[in-house]
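Beneath this line is the structure, given in structure tokens, with notes to follow.
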Amino acid sequence: MTFDLLWDLPGINVSDYRDVIRIGEDGQVHSRGKVASPAAIRMRPDGTPPELTVSVTASVEADVLELRATAHVVEKAAPIYYTLGADTEGVYHNARVAWELYGPGEEDYVSIRPENLKPRVRVTGDVDEVEASTALTRPGKYRLRASTVDLAGRTTVVWTPFEVAMDSRTKRLGVRQNE
């Protein structure tokens with residue numbers, strides 16, 4: 001099923017759409033101008049969402065802390081597929097995991113993308129291992145968000161909090177993962 005997701009702003013023309021589904025501020029679902037019956041609400045199929053675990057490590061070079069995150073993803077009821085778009089050669093890859101980094105301030109948000117949009121994925125048996133990395137230069141509290149989705153739309157999200165601090169002995173940045 002394909003769809004467009006739009007903000008319901010004044011002046012948006014949706015007359016070319018076969019159906020427009022609006023979610024009201026009260027949570028009610030409206031379809032074709034009426035409150036939708038439960039049968040009109042599209043439900044995800046039953047089944048187990050993908051399994052996702054994340055670990056974080058860091059290494060320091062000069063004054064830059066290189067954060068490396070590793071996700072282990074296990075398919076359950078349906079195949080996992082997440083793409084970041086076409087790489088520099090026009091090829092779409094199954095990245096399996098989307099990575100976002102929050103903190104220490106709102107302005108520090110980063111969507112972590114692999115170089116040339118070529119994800120680092122290693123498949124071993126039933127487990128897909130996905131790596132992502134990014135450079136950090138500011139101390140503070142961070143939260144790494146890893147998410148995956150299967151072809152039925154079942155999602156799994158893992159939040160990994162950690163702190164970047166200056167080591168008083170070495171005067172270098174280091175990472176401490178919060179429990």
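What the table below lists for this structure:
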{"read-out": "Failed condition for LEU65, given (1) part of a loop (DSSP other than H, G, I, E, B); (2) within 23 Å of ASP167 (Cβ to Cβ)", "value": "(1)"}
{"read-out": "Looking only at the stretch 45-76, and only at residues there that are loosely packed, with under 12 Cβ neighbours inside 10 Å and of a type outside the set (Gly, Ala, Ser), the one that is modelled with the lowest pLDDT", "value": "ASP63"}
{"read-out": "Hits in the stretch 98-122 - residues which are closer than 26 Å to PRO139 by Cα, within 15 Å of the chain's Cα centre (by Cα) and in contact (Cβ under 8 Å) with a residue 12 or more places away in the chain", "value": "ALA98, TRP99, GLU100, LEU101, TYR102, VAL110, SER111, ILE112, ARG113, PRO114"}
{"read-out": "Of all residues in the stretch 13-44 being surrounded by 10 or more Cβ atoms within 10 Å (Cβ to Cβ) and part of a strand (DSSP E or B), the one that is modelled with the lowest pLDDT", "value": "VAL35"}
{"read-out": "Residue check, GLU129 touching a residue at least 24 places away in the same chain (Cβ under 8 Å) and of a type in the set (Asp, Glu)", "value": "yes"}
{"read-out": "Residue within the stretch 100-108 that is farther than 26 Å from SER168 by Cα and aliphatic (A, V, I, L, M) present", "value": "no"}
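The values are calculated or read from the model by the stated rules, or taken from the named source; none is laboratory data. These numbers were taken from a predicted model, which means no experiment stands behind them. Reconstructed Cβ throughout: ideal geometry from the backbone, glycine too, with neighbour counts over all protein chains shown.
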